[in-house]
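Novice: Would you mind keeping the following structure in view while I ask a few things?
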Amino acid sequence: MPKLEIKRSFLARFIPGLASLTKRGSAGWMTIIGSGIVLSMVLMTVLGPWFSPYDPTAINVSPPPNPSPPSGDFPLGTNLLGQDMLSRILCGGSVMIQVALLSVLFCFIIGVPVGLLASYAGGMIDRISTLVMDSFYAFPGLVLAIAIAAMMGRGVVNMALSIAVVYVPSYFRMVRSQVLTIKELPYTEAARATGAKGQTVLLRYILPNVVPSIVVVATVNFADAILTAAGLTFVGLGVGIDVPDWGWDLTQGRQLLPSGSWWVITFPGIMILLLALGFTLVGEGLSELLTPRLER
């Protein structure tokens, strides 16, 4: 009974919240549709190993010749190694989702505190921090991520770190611009005048007003991280061949496309596009919801 009551209370809160979003115009609908796409992809990836008809890493599950086109036994066809594409589609999103989550977490841990402290302290600390971040920001994102990933080697954590280095300056610049404005507002000056310490002013008066912008940047960063992770795998800097990954299937599909094996590249490409689109819609919707002045 307690569990049933918890579920009912959750639904009682969730349904009115969902209904209120539909009344917020295009921003609300973008948030709903984007969240639905992301949740669907995450659930598919989590439940994929239990529903996949074959082992996604098994080789030659279909008789030669391979790659074979979609058929009754293999609805999405097979790749050059004879692996079932449907099984790889169901299980292949875990790498990109993990990379996106870790990269956003690293960006948050590094970019937000540095932006808060540097902009609030000002002076030489702010100038040096800004110079360092701008130097990273000057490099093309994908090129910098490829260079760092090439030095660090393959792996989910290394991919996430290489992507985080690219996007940390975005967090820093956004937080810095917000703090420079907020710290001059009357209520923060009043807090300092009453004897509040710098740490208290940052955490109680400044950070809560920066959080909405951080949420928007983080959501959009998910989509960028997914596309960058696909780019890293595309040039051979992703995970190994023994791990189901949409990026690796995309790379293999490019090589097979001239021979007419369109299915090997089409289905992984659609999944990557949908996942990035979902996060983009959530980010754009939240941007308008959390900053109403952007609404028309």
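Taken together, the values in this text are just the output of simple stated rules run on the coordinates, not laboratory data. This structure is a prediction, so every number in the text was calculated from the model and none was measured. As a convention, Cβ positions derive from the backbone with ideal geometry for all residues, glycine included, and neighbour counts pool all protein chains shown.
Novice: Taking H placed 1.01 Å from N in the peptide plane, check which residues at least 5 places from D84 or on another chain put their amide H under 5 Å from its amide H.
Specialist: For D84, whose amide H was placed from the backbone, the distant partners under 5 Å are V61.
Novice: Sort Y120, Y187 so the one with the fewest other Cβ atoms within 10 Å of its own Cβ comes first.
Specialist: Y187, Y120
Novice: Stick to the Cα atoms of the chain, pair each with every other, and give me the Kirkwood hydrodynamic radius in Å at one decimal.
Specialist: 21.5
Novice: Using 7 Å Cα-to-Cβ label points, what is the V46/A147 separation (nm, one decimal)?
Specialist: 3.9
Novice: Starting from the Cα-Cα distance between L180 and L117, subtract it from 0.36 nm times their residue separation and give me the gain in nm to one decimal.
Specialist: Working it through step by step, the gained length comes to 21.6 nm.
Novice: Rank these for me by crowding, W248, W263, W29, going from fewest to most other beta carbons within 10 Å.
Specialist: W29, W263, W248
Novice: Report, as a whole number in µm² per second, the diffusion coefficient that Stokes-Einstein gives for the stretch 94-243 at 4 °C and 1.567 mPa s using the Kirkwood radius over alpha carbon pairs.
Specialist: 79
Novice: Label point 7 Å out from I241 along Cα-to-Cβ: which residues of the stretch 67-102 have amide N under 16 Å?
Specialist: Label zone hits: 67, 79-84.
Novice: Could you state the angle between the C-alpha long axis of helix 156-182 and the longest principal axis of the C-alpha atoms of the chain, as a value from 0 to 90 degrees rounded to the nearest 10?
Specialist: For helix 156-182, the angle is close to 30 degrees.
Novice: Per residue of the stretch 225-234, in order, report the coupling 6.51 cos²θ - 1.76 cosθ + 1.60 (Karplus, θ = phi - 60°) as ³J(HN,Hα) in whole Hz, putting x for Gly and Pro.
Specialist: 5, 5, 5, 5, 4, 5, x, 5, 5, 4
Novice: Here's a follow-up. Expressed as an acute angle from 0 to 90° and rounded to the nearest 10, what is the orientation of the C-alpha long axis of helix 26-51 relative to the principal long axis of the chain?
Specialist: Computed tilt is about 50 degrees.
Novice: Using alpha-carbon pairs under 8 Å, 6+ residues apart, how would you state the relative contact order of the stretch 22-142 in percent?
Specialist: 19
Novice: Oh, and also: Multiply the residue separation of L257 and A58 by 0.36 nm, subtract the distance between their alpha-carbon atoms, and state the gained length in nm to one decimal.
Specialist: Length gained, L257 through A58: 69.4 nm.
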